[in-house]
Amino acid sequence: MIEQVKPTQRQKVVKKYGPMITYYAELLGLCHEAVRGNNLLNKLDPMGQKTSATTLFIRSCARMDKTDGSDIAKKLMEVSKEASVQKTA
């Protein structure tokens, strides 16, 4: 008789939220790239650049929530699952 092992809490969280977290991590990375690529913002000190990138991230998320409506979570999961598949391939 084979004993079935229950997934750990971490495994459950990674399975449920991992793709969405990956999506937001990619978005945050894009915000940092945008700050580095901007002629004015890239002259700020590191803390100013970090603050600018964070502000872009927050504004982008707010805009996405406003324009996408209630089905945003489904879209995020689809996009991030596709990204995960591409990274493993």
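In the structure displayed, which of K43/K66; K15/K50; K16/K50; K12/K74; K15/K81 lie more than 21 Å apart, Cα to Cα? Where the Cα-Cα span goes over 21 Å, the pairs concerned are K43/K66; K15/K50; K16/K50. Considering all different alpha carbon pairs of region 1-57, the Kirkwood hydrodynamic radius works out to 13.7 Å.
Highest-first packing order for the peptide set 53-65, 19-31, 37-49 is 19-31, 53-65, 37-49, based on the mean count of other beta carbon atoms within 10 Å.
No value in this document is a laboratory result; all are computed from the given coordinates. Model, not experiment: these values are computed from the prediction. Here Cβ is always computed from backbone atoms with ideal geometry, including for glycine, and neighbour counts include all displayed protein chains.
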